[in-house]
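Input: a single structure, listed below in structure tokens.
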Amino acid sequence: MTRKARTKEKPPFEPGLIPAPGELLVWRDGQHFDHWQNLPCTLCGRPTPMRSHSGEPAHKACAEDWLTANPVEARLGRFASDLAPKPKSKSKGQDDHA
């Protein structure tokens, strides 16, 4: 019996908004992190476990710098933030405290 390789590729997940030049990307989803393999960043060439929504290896900081340097191309959605998470419903009697 042979073991299946861990090469099963996940399909790209849905991106959210493209931040304005100089703003930060929100990459909180765990799918941005590859636990198994570092690949060369497509922007700087150094190894990274980070992936864009399309699976492109890129450091988050490199992607943010690219968005700032290429504001027109950025509109095409190469790098984007995650979708905003749905707000969790609060139970009765629970309020936000500062």
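Rule-based calculations on the coordinates, nothing more; no lab input. Predicted model only: the values in this text are computed from it and were never measured. Every residue, glycine as well, gets a Cβ built from its backbone with ideal geometry; the counts of neighbours run over all protein chains shown.
Check which residues have an amide H placed less than 5 Å from L39's amide H, if you skip close sequence neighbours.
T48
Among rounded, prolate and oblate, which fits region 14-83 when a ≥ b ≥ c are the square roots of the eigenvalues of its C-alpha gyration tensor, a/c under 1.5 means rounded, and a/b larger than b/c means prolate?
Since a/c reaches 1.5 but b/c is at least a/b, the shape of region 14-83 is classed as oblate.
What's the local net charge at P15, with K and R +1, D and E -1, over the other residues with C-beta under 11 Å away?
Numbers: positive: R78; negative: E14, D29, D82.
So the surrounding residues net to -2.
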